[in-house]
Amino acid sequence: MDNQISYHASSDSASMSAKSPEGASWRDFITVAKPGIIRSNLIAAFAGYWVASGWDVNYGKLLLTLLGTMLVMASACVFNNYFDRDLDMKMERTRERGLPTGRLKPGTVLIYAIVLGIAGLGVLFAFSGVLAGLFGIVGMLVYVVIYTLWLKRTSTWSTSVGAISGAMPPVIGYVAVTGRVDLGAWLLFAMLFLWQPPHFWALGIRRKEEYRAAGFPLLPVVKGVRRTKLQMIPYVALLLPVPVLMYMYDYAGIFYLVISAALSLAWLYLTVSGFKAKDDDAWAKKNFFFSINYLTVSLIVLVLNTIHG
């Protein structure tokens, strides 16, 4: 969630010595794992596990599944920070991170990422099942190899393809219970997959000049804001069938259907209204924060209104 990787030890050391960084703290190690991303995706993994369980929950396995998912996600995020450290120096919101400032050494971060990944996959394969472990591998490979090392630096498709990785946590939670991929797994995948591009593009519109300066071919940078607004619409619109199908196939009840469908319609209206917005940044900020609340509320209601198995 990149190509042309050319990190030179000399440039790393030069930039670090120029900044005379202080030593790393435990906060730097937490920050490099992107706790905000982990937190939101753990809610999704919990929801996937809960829906598959139908309230008949094995809490020990649930905790181990969340632990394994957290470690795998943290590993992918640390790898992402490791490979993006040169570009992070160019963006205002990232240049004070541990790697760009030199508080964290690249070699240490690489080892940290590898250890987290091995531990996370080990937990998933051992306690959550082969399918959960395989989906953990898929999530890591898509995020680290396809997104970070290839598409992020070369194509506007990076956001859409990277969304595959972000949609893995609820699927991991779901298959840890069922041991199979069925309609429930696909609907959870669809919810998280479709949510991510419009959510991230709203942020990208607000920070397009930062991304332009750093050399990221993000959609608002390459195709412009109007094209980005247009491309957000089908993703938000396609979220509408998710609560309907969840209800029709007895994964969730009527409260989830009504609330999630209403939120989807409200988000679609807000997205379409962007074409009349006089201030694109203000509209994008409103859309971005609505998307966060949309996902949070939808997942909470899905859990509370899961149909008993």
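The values are calculated or read from the model by the stated rules, or taken from the named source; none is laboratory data. These numbers were taken from a predicted model, which means no experiment stands behind them. Here the Cβ is made from the backbone with ideal geometry for all residues, glycine too, and neighbour counts use every protein chain on show. Each accessible area value is taken on the protein alone, full model and side chains, heavy atoms only, with ligands, DNA and RNA left out. Shrake-Rupley method; radii C 1.70, N 1.55, O 1.52, S 1.80 Å.
Of all the criteria given as (1) surrounded by fewer than 20 Cβ atoms within 10 Å (Cβ to Cβ); (2) part of a helix (DSSP H, G or I), the one not satisfied by ARG180 is (2). Take GLY117 and decide whether it is in a helix (DSSP H, G or I), modelled with pLDDT of 85 or more and more than 26 Å from LEU42 (Cα to Cα). It is false that GLY117 is in a helix (DSSP H, G or I), modelled with pLDDT of 85 or more and more than 26 Å from LEU42 (Cα to Cα). Each residue in the range 52-93 was checked for being of a type in the set (Val, Ile, Thr) and more than 20 Å from GLY133 (Cβ to Cβ), and 1 of them qualify. Scanning the range 180-205 for residues that are over 17 Å from TYR251 (Cβ atoms) and in contact with a Ser or Thr (Cβ under 8 Å, 6 or more places away or on another chain) yields a count of 10. The residue that is farthest from TYR49 (Cα to Cα), counting only those in the range 70-106 that are in contact with a Ser or Thr (Cβ under 6 Å, 6 or more places away or on another chain) and of a type outside the set (Phe, Trp, Tyr), is ASP88. For the range 128-144, the criterion of being modelled with pLDDT under 95, more than 18 Å from ALA74 (Cα to Cα) and not in a helix (DSSP H, G or I) is met by none of the residues.
Table: residues versus (1) modelled with pLDDT of 95 or more; (2) closer than 25 Å to PRO170 by Cβ; (3) in a helix (DSSP H, G or I).
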| position | (1), (2), (3) |
| --- | --- |
| PRO197 | yes, yes, yes |
| ALA202 | yes, yes, yes |
| ALA213 | no, no, yes |
| VAL221 | yes, no, yes |
| VAL236 | yes, yes, yes |
| ASP250 | yes, yes, no |
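Would you say LEU240 is within 26 Å of TRP201 (Cα to Cα) and either polar (S, T, N, Q) or open to solvent by less than 70 Å² (accessible area, probe 1.4 Å) (or both)? Criteria met by LEU240.
Could you tell me whether the range 156-165 includes any residue that is open to solvent by 50 Å² or more (accessible area, probe 1.4 Å), over 17 Å from GLY215 (Cβ atoms) and either more than 21 Å from the chain's Cα centre (by Cα) or modelled with pLDDT of 95 or more (or both)? For the range 156-165, residues open to solvent by 50 Å² or more (accessible area, probe 1.4 Å), over 17 Å from GLY215 (Cβ atoms) and either more than 21 Å from the chain's Cα centre (by Cα) or modelled with pLDDT of 95 or more (or both): present. When the range 80-111 is limited to residues that are part of a loop (DSSP other than H, G, I, E, B) and of a type in the set (A, V, I, L, M, F, W, C), the one that is farthest from ALA214 (Cα to Cα) turns out to be LEU104. Residue check: HIS308 meets all listed conditions (1) over 18 Å from LEU194 (Cα atoms); (2) touching a Lys or Arg at 6+ places or on another chain (Cβ under 9 Å) but one, namely (2).
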